[in-house]
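Taking it in order: structure first as structure tokens, then the write-up.
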Amino acid sequence: MIVLSAKIAHSGVTATEPFLARCTDNSELPRALAKKQFLVLHDNSPAPPGFLGYLSFGQDARGPVGSQLVSAPVTVSHLSEGDVIRINPAKSEIRVLYRRGSNQNYLLVTERCNNYCVMCSQPPKPANDDYIMDELFELIPLVDPNTVELGITGGEPTLLGERLFSFLRHIRCYLPRTAVHMLSNGRRFQESAFASAFAKAIPKDFMVGIPIYGDEANLHDFVVQAHGAFDETVLGILNLKRFGVRVEIRVVLQKGVVERLPEIAEFIRRNLLFVDRVALMGLETIGFARANIDQIWADPIDYGDQLKKAVVKLDSARIRTSIYNHQLCVLPKELWRFSVKSISDWKNEYLDACRVCTRLGDCGGVFSSSPFRLSRGIKPFLEPIHSFVDNRVVPVGVAEPLLSDGCLSGVPAGRGS
Amino acid sequence: MGRIPRTHLIVLIRLIARTTPADRWKCEILPLRNGFAGMTPETREHWLELDSTVYSVEAVAKTAYRLADVGVFQIEHSSTGQLRVVIQKCSAGDTMECYAHLKREFLTELTDQLLRERIAVQTEARRNLILAHAYSSSSLSGS
Amino acid sequence: MHTPHQALADRSPFKGKFSGPSAFVDKLQAYRLLPFDFERLDGDRYFLTNMAGEFVLASRPELQQIVDCSLSPVDRLYAELKAKHFIESGNSLAAPELLAVKVRTKADFIRRFTALHMFVVTLRCDHSCQYCQVSRQSEDRIAFDMSKDTAAAALDFTFKSPSPQIKIEFQGGESLLNFDLIRFIVEEAEARNSICGKDLQFVAASNLVPLSDEILSFAEGRPFYFSTSLDGPRDLHNRNRPRPGGDSHNFARTGIKRVRDRLGIARVSALMTTTADSLARATDIVDEYLDAGFTGLFLRPLSPYGFAIKTRQYYNYQVDQWLEFYKSALSYIIRLNESGVRFQEYYTALILRKMLTPHPTGYVDLQNPSGIGISAIVFNYNGKVFASDEARMLAEMDDERFALGNLTQNTYEEIMLSPNLVDPIQVSVLESVPMCSDCAFRPYCGSDPVFHYATTGDFVGHKKFSPFCRRHMGMFKHIIGLMESSASTRELFEAWAWN
């Protein structure tokens, strides 16, 4: 579990408001670059003058006299080249906003939301939080342009309206090679004009992840606690596909939903066959999920059957399907090839029992929040493995075309004219 | 890319207008005057009398069409304006039981036809909306 | 089994700001019907379908409740009906929007337009198959070969089609007897396609007797396929398909092997024609296909040879016999699958694709509107254009009802807009035909104006006496019954539908 924020001690810091800074561990940077970056100091590494600031861990702040010096706990000593931090001098806080070495950088753009999901891991707050976006606009130019993927999350990003479009264009300008994955409930895209403008603003490599929690409105609307949400979401998905935006459907596996999982899969392949991916997600027991845990917890070893049926349905329909946040020991073996080692590095952990597991390297472990509620089925594999288990999502094979009179047509409709 | 002939456009328009003119159902509806021309009342043993405020001519005609392989039916108005279905022939046989069975079949199918009529009336607008949208390239809920 | 709402209700109520599932249940009588049709299946079971071919089974009392708008919102059926768009509630356009997308997808074969173009390159043939309707000519009469000019005109026509996929199928007679012309057509087509960029495929329908190394070499490296006839085991096949020198079966089997060895297993397929003799040999025929290394077959209906036979009893008897044949072959195939052998029945798979997936299909004989012209077209050796292969056969019996024109005299528009094409399509559209217009199986069925015209003189006929209707109704009901009675068969059928 990687710590992303801590209290600091500082001296010589001139700003009173929070500010962002890029980190470097290269003490020999030319001055033109050094003056914009904080030098990260480990042990007794040199601290030549010319840097924006100096960051040490677990020791007194050190650096050239008169410079901006910060001392942080060793919990954040993972900071290194390319990472971006926010220093809040008034509150003596440091926060890690971006880690170059992570494959899961998610940017939270707002905490406001028009849903109120019973298992929300990021409970919404209704207050105006434009300052969040202000800071993110500053962050983007500091992000390494070689970053493979960035995530955008919330709250509900589409509530930002035009500001969201500007932000996406901003990313497109500064990070043209970066893939962007945005999470959204999709409801606002039912407005054609909004979906169209959105489609024009997005970077080239872009996908929206939109949750669906039922094959009809009542179940979905209950999970997200908003009447009319399902219909809006589905119409939103249709519009997004009309305008050529890639869409991933996400389903969180919890009580109420898992019982209906095969039917949900059937609904998706009959109505939304043209989506680009489906992600079946294990429950993360923080936020509202923790508060409502007794109502919504479903043990994976109890829903293996439904999960198998659903995956078979989606896979047969040639929809790329992945299972996230499940440990290998609680998944039926036939589903291992759909399982993605997905818990982000700053959230995951392994239990003591897992240390002896022969499949530890392939397994994503558990959420660090999980000891709160764990599957009964977690236990280590003890047999040696003989083959390499590839946990990355495997593209589905394509069948031979039929030679008889029946011909296959996989063209999705509803893509405009 | 070649021109798309008007053939399939004609076909599409036809799809939207569902027409079942009575003459295509090949049934006869005759007014009953003094008895029935050419037959004495005694020979017309098997018939059903139907309340015409409940059963439409179309429903009765469709039922007769669907049972054309098990019987021959003649549909007429009675003097009181009710609908009468005369079973001229029962393919299964000539016994009272055969005719009774056929009448039951007729009524069962007729009840289903009424249900179909109700569904059609309730869903006509939606059906047209869906068809019109399906065969166009614009979105229902937007530009 | 509990509904999700019941499952959640078992737990303690949500705290604070959260509303329980009961706050998200539709009020009583708060739903509206969406368009659907129904048929009685058997006993008390009714089969309901919507405009996109999705289906639900219900009892008669349930059906009544549904239409009366009195179905309980916590009934399992209620959720299923909403999910499958038989009913809707609320104020949004989500349901009609999704239905429209699904209907449009199913109708996509109309937009794509003509893909299959059959070139009758010769009438010469060495076989005298008992069901062949072509007035075959003996092998040496090249007067019945298609000319290069005709072939070129046919290619002009072919490339006018807007379809992104073009399949050129060589027919006859025995098509390979005029291989020189086939070579010409293929090379010409490929040259034109280098500009058009369509997905171009060639198929030679052949008894494989004339198969030579030269032909195989030509087929190598290009999408050139062979489709041959394999009616069953040797005795059955040869009885159906006599030739001087005999043993058509041997040629078929060795031909299949030759193509596979040289070009690959996917390059040759086989079709069976069912005759009266086939009807008792269901498992033998399937075994023959297994033996020949195929992973499926298409159980074709009884060849209606002798269109002149119009007595209805005869047809019903034949249809019922064929249905028995079909059921026993299918049952055998299902048992094979259960024991681990992958083998499909393609006619069933086609119907299953219509029932279980949103995908359209391109099988000419089971389309609504009719697939004649829209999905397929035939160029006869003499330049005459026909709406389908059966239409050509009718012309061989001196009935030109479905002759559309001539390549040398008529333009593309004149041919495709010929009343001989447009009228039968228009008149036989199932939504405006008695009985079909409210039949629940309509999304899976097709109109076949050529068949109905040949047997009744009418593009539509009376469906109660139509062998076409009887056969398909029998198949649909049988397939549904199989799926409902066995979960493993249901799973197998889903795999067939989606693959």
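The values are calculated or read from the model by the stated rules, or taken from the named source; none is laboratory data. The structure presented is a predicted model; accordingly, all values stated were derived computationally and were not measured. With ideal geometry, Cβ positions are generated from the backbone for all residues, glycine too; neighbour counts draw on all protein chains shown. We work out accessible area using only protein heavy atoms, side chains counted, and drop any ligands, DNA or RNA first. Shrake-Rupley method; radii C 1.70, N 1.55, O 1.52, S 1.80 Å.
C:F451 versus (1) aromatic (F, W, Y); (2) out of contact with any Asp or Glu (no Cβ under 8 Å at 6 or more places or on another chain); (3) closer than 28 Å to C:L323 by Cβ: which is the lone unmet condition?
(2)
Could you tell me which numbered condition A:E138 fails, if it satisfies all but one of (1) open to solvent by 10 Å² or more (accessible area, probe 1.4 Å); (2) assigned to a loop (DSSP other than H, G, I, E, B)?
Unmet condition: (2).
Restrict the check to region A:280-287 and report whether at least one residue is at negative phi and in a helix (DSSP H, G or I). Steps first, please.
Initially, region A:280-287 is screened for residues at negative phi, giving A:280-286.
Right, trim to in a helix (DSSP H, G or I) and you get none.
So far as region A:280-287 goes, no, none of its residues is at negative phi and in a helix (DSSP H, G or I).
So, in region C:371-421, exactly how many residues are among the β-branched types (V, I, T) and open to solvent by 10 Å² or more (accessible area, probe 1.4 Å)? It would help to see each step written out before you state the result.
At the first step, the residues of region C:371-421 found to be among the β-branched types (V, I, T) are C:372, C:374, C:377-378, C:385, C:408, C:411, C:415.
Subsequent filtering for residues that are open to solvent by 10 Å² or more (accessible area, probe 1.4 Å) retains C:408, C:411.
Selection size over region C:371-421: 2.
Name the helices (runs of 4 or more DSSP H) wholly inside region C:355-463 in which the number of residues that are acidic (D, E) is 2 or more. Outline the logic, then answer.
On the way: elements: C:389-396, C:412-416, C:419-427, C:449-456.
Passing ranges, in order: C:389-396, C:412-416.
Residue-wise test of (1) open to solvent by less than 40 Å² (accessible area, probe 1.4 Å); (2) in contact with a helix residue (DSSP H, G or I) (Cβ under 8 Å, 6 or more places away or on another chain).
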site: A:V3; (1), (2): no, yes
site: A:L20; (1), (2): yes, yes
site: A:T24; (1), (2): yes, yes
site: A:Q37; (1), (2): yes, no
site: A:A47; (1), (2): yes, no
site: A:P73; (1), (2): no, no
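Does region A:189-222 hold any residues that are more than 12 Å from A:P157 (Cβ to Cβ), within 14 Å of chain B (Cβ to nearest Cβ) and crowded, with 24+ Cβ neighbours inside 10 Å, and which are they?
Those that are more than 12 Å from A:P157 (Cβ to Cβ), within 14 Å of chain B (Cβ to nearest Cβ) and crowded, with 24+ Cβ neighbours inside 10 Å: A:Q190, A:A195.
How about region C:340-370: which of its residues are of a type in the set (G, A, S), at pLDDT 95 or above and either closer than 28 Å to C:I182 by Cα or open to solvent by 10 Å² or more (accessible area, probe 1.4 Å) (or both)?
Within region C:340-370, C:G340 is the sole residue that qualifies.
Residues of region B:59-92 being open to solvent by less than 20 Å² (accessible area, probe 1.4 Å) and either over 24 Å from B:E117 (Cα atoms) or not in a strand (DSSP E or B) (or both), which ones? Lay out the reasoning, then the answer.
The first filter runs over region B:59-92 and keeps only residues open to solvent by less than 20 Å² (accessible area, probe 1.4 Å), leaving B:59-61, B:63-65, B:67, B:71, B:75-76, B:78, B:83, B:85-87, B:90.
Those that are open to solvent by less than 20 Å² (accessible area, probe 1.4 Å) and either over 24 Å from B:E117 (Cα atoms) or not in a strand (DSSP E or B) (or both): B:A59, B:V60, B:A61, B:T63, B:A64, B:Y65, B:L67, B:S78, B:C90.
Determine the pairs where a residue that is among the basic types (K, R), located within region C:59-87, has a partner that is assigned to a loop (DSSP other than H, G, I, E, B) and open to solvent by 50 Å² or more (accessible area, probe 1.4 Å) with Cβ atoms under 6 Å apart, the partner being 6 or more residues away or on another chain.
C:R60/C:D44
Give C:D108, C:D75, C:D68, C:D156 a once-over and let me know the one that is of a type in the set (D, E), within 30 Å of B:Q122 (Cα to Cα) and within 29 Å of the chain's Cα centre (by Cα). I'd like the intermediate steps shown before the answer.
Working: C:D75 fails: within 29 Å of the chain's Cα centre (by Cα); C:D68 fails: within 29 Å of the chain's Cα centre (by Cα); C:D156 fails: within 30 Å of B:Q122 (Cα to Cα).
Among C:D108, C:D75, C:D68, C:D156, only C:D108 is of a type in the set (D, E), within 30 Å of B:Q122 (Cα to Cα) and within 29 Å of the chain's Cα centre (by Cα).
Those residues that are among the polar types (S, T, N, Q) and under 21 Å from C:K148 (Cα atoms), I need them from region C:370-404; list them, please.
As a first pass, look at region C:370-404 and keep what is among the polar types (S, T, N, Q): C:370, C:375, C:380, C:382, C:388.
Residues satisfying the conditions are C:N380, C:N382.
Among (1) under 26 Å from C:T357 (Cα atoms); (2) facing another protein chain (nearest Cβ under 10 Å), there is one condition A:G186 misses while meeting the rest; what is its number?
The number of the failed condition is (2).
Results for (1) within 13 Å of chain A (Cβ to nearest Cβ); (2) in contact with a Gly (Cβ under 8 Å, 6 or more places away or on another chain), shown as yes or no for each residue.
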{"residue": "C:R342", "(1), (2)": "yes, no"}
{"residue": "C:Y347", "(1), (2)": "yes, no"}
{"residue": "C:L350", "(1), (2)": "yes, yes"}
{"residue": "C:S375", "(1), (2)": "yes, yes"}
{"residue": "C:F386", "(1), (2)": "no, no"}
{"residue": "C:A391", "(1), (2)": "no, no"}
{"residue": "C:L421", "(1), (2)": "no, yes"}
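Restricting attention to region C:211-240, and to residues there that are farther than 18 Å from C:A292 by Cα and out of contact with any Phe, Trp or Tyr (no Cβ under 9 Å at 6 or more places or on another chain), which single residue is farthest from the other protein chains (Cβ to nearest Cβ)?
C:R239
Within region A:108-135, work out how many residues are in contact (Cβ under 8 Å) with a residue 40 or more places away in the chain and not in a loop (DSSP other than H, G, I, E, B). Working first, answer last.
Of the residues in region A:108-135, the ones in contact (Cβ under 8 Å) with a residue 40 or more places away in the chain are A:108-123, A:135.
Narrowing the set further to residues that are not in a loop (DSSP other than H, G, I, E, B) leaves A:108, A:135.
The total comes to 2.
Among the residues that make up region A:261-271, is at least one of them more than 24 Å from the chain's Cα centre (by Cα) and open to solvent by 30 Å² or more (accessible area, probe 1.4 Å)?
Taking region A:261-271 first, the residues more than 24 Å from the chain's Cα centre (by Cα) are A:262-263, A:266-267, A:269-271.
Right, trim to open to solvent by 30 Å² or more (accessible area, probe 1.4 Å) and you get A:263, A:266.
Yes, region A:261-271 has at least one match.
I'm checking my understanding of the structure. Among residues of region B:93-131 that are of a type in the set (K, R) and facing another protein chain (nearest Cβ under 9 Å), which one is farthest from B:E58 (Cα to Cα)? Give the derivation first.
Taking region B:93-131 first, the residues of a type in the set (K, R) are B:103-104, B:116, B:118, B:126-127.
Filter again for facing another protein chain (nearest Cβ under 9 Å), leaving B:116, B:118, B:126-127.
On the way: B:R116: 11, B:R118: 13, B:R126: 22, B:R127: 20 Å.
Restricting to residues being of a type in the set (K, R) and facing another protein chain (nearest Cβ under 9 Å), the top hit is B:R126.
Here is a check on your reading of the model: is C:D126 within 30 Å of C:G246 (Cβ to Cβ), more than 13 Å from chain B (Cβ to nearest Cβ) and not aliphatic (A, V, I, L, M)? It would help to see each step written out before you state the result.
Numbers: within 30 Å of C:G246 (Cβ to Cβ): yes; more than 13 Å from chain B (Cβ to nearest Cβ): yes; not aliphatic (A, V, I, L, M): yes.
Here the answer is yes, as C:D126 does meet what is asked.
Suppose we filter C:V74, C:V103, C:V67 for residues that are more than 8 Å from chain A (Cβ to nearest Cβ), within 24 Å of A:S192 (Cα to Cα) and among the β-branched types (V, I, T); which single one remains? Before you say what the answer is, go through the steps one by one.
Details: C:V74 fails: within 24 Å of A:S192 (Cα to Cα); C:V67 fails: within 24 Å of A:S192 (Cα to Cα).
On inspection, the qualifying residue turns out to be C:V103.
Right, C:E169: of a type in the set (D, E, K, R), touching a helix residue (DSSP H, G or I) at 6+ places or on another chain (Cβ under 7 Å) and either on the phi > 0 side of the Ramachandran plot or away from chain B (no Cβ under 12 Å) (or both) or not?
Numbers: of a type in the set (D, E, K, R): yes; touching a helix residue (DSSP H, G or I) at 6+ places or on another chain (Cβ under 7 Å): no; either on the phi > 0 side of the Ramachandran plot or away from chain B (no Cβ under 12 Å) (or both): yes.
It is false that C:E169 is of a type in the set (D, E, K, R), touching a helix residue (DSSP H, G or I) at 6+ places or on another chain (Cβ under 7 Å) and either on the phi > 0 side of the Ramachandran plot or away from chain B (no Cβ under 12 Å) (or both).
Here's the yes/no breakdown for (1) of a type in the set (V, I, T); (2) open to solvent by less than 10 Å² (accessible area, probe 1.4 Å); (3) modelled with pLDDT of 90 or more; (4) within 19 Å of A:V258 (Cβ to Cβ):
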| residue | (1), (2), (3), (4) |
| --- | --- |
| A:A289 | no, yes, no, yes |
| A:D305 | no, no, yes, yes |
| A:K309 | no, no, yes, yes |
| A:R320 | no, no, yes, no |
| A:P332 | no, no, yes, yes |
| A:R337 | no, no, yes, no |
| A:R355 | no, no, no, no |
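Restricted to region C:179-210, and to residues that are at pLDDT 95 or above, under 26 Å from C:H237 (Cβ atoms) and away from chain A (no Cβ under 14 Å), which residue is least open to solvent (accessible area, probe 1.4 Å)?
C:I182
Given the options C:F218, C:F157, name the one that is among the aromatic types (F, W, Y), part of a helix (DSSP H, G or I) and under 26 Å from C:M393 (Cα atoms). Before you say what the answer is, go through the steps one by one.
Working: C:F218 fails: under 26 Å from C:M393 (Cα atoms).
Matching residue, one of C:F218, C:F157: C:F157.
Just to check your reading of the model, which residue among A:L261, A:L273 is part of a loop (DSSP other than H, G, I, E, B), in the same structural domain as A:P124 (by TED's automatic domain parsing) and closer than 22 Å to C:A79 by Cβ? Lay out the reasoning, then the answer.
Working: A:L261 fails: part of a loop (DSSP other than H, G, I, E, B).
Answer to the check: A:L273.
What residue, among those in region C:424-434 that are open to solvent by 10 Å² or more (accessible area, probe 1.4 Å) and over 21 Å from C:S161 (Cβ atoms), is nearest to the other protein chains (Cβ to nearest Cβ)? Step through it out loud before you land on a result.
Residues of region C:424-434 that are open to solvent by 10 Å² or more (accessible area, probe 1.4 Å), as a first pass: C:426-427, C:431.
If we keep only those that are over 21 Å from C:S161 (Cβ atoms) as well, we get C:427, C:431.
Working: C:V427: 9, C:E431: 5 Å.
Residue satisfying both the conditions and the ranking: C:E431.
Consider A:L328 carefully, then state whether it is open to solvent by less than 40 Å² (accessible area, probe 1.4 Å), among the hydrophobic types (A, V, I, L, M, F, W, C), over 30 Å from A:P124 (Cα atoms) and free of Cβ contacts under 8 Å to residues at least 40 places away in the same chain. Lay out the reasoning, then the answer.
Numbers: open to solvent by less than 40 Å² (accessible area, probe 1.4 Å): yes; among the hydrophobic types (A, V, I, L, M, F, W, C): yes; over 30 Å from A:P124 (Cα atoms): yes; free of Cβ contacts under 8 Å to residues at least 40 places away in the same chain: no.
No; evaluated as a whole, the condition is false for this residue.
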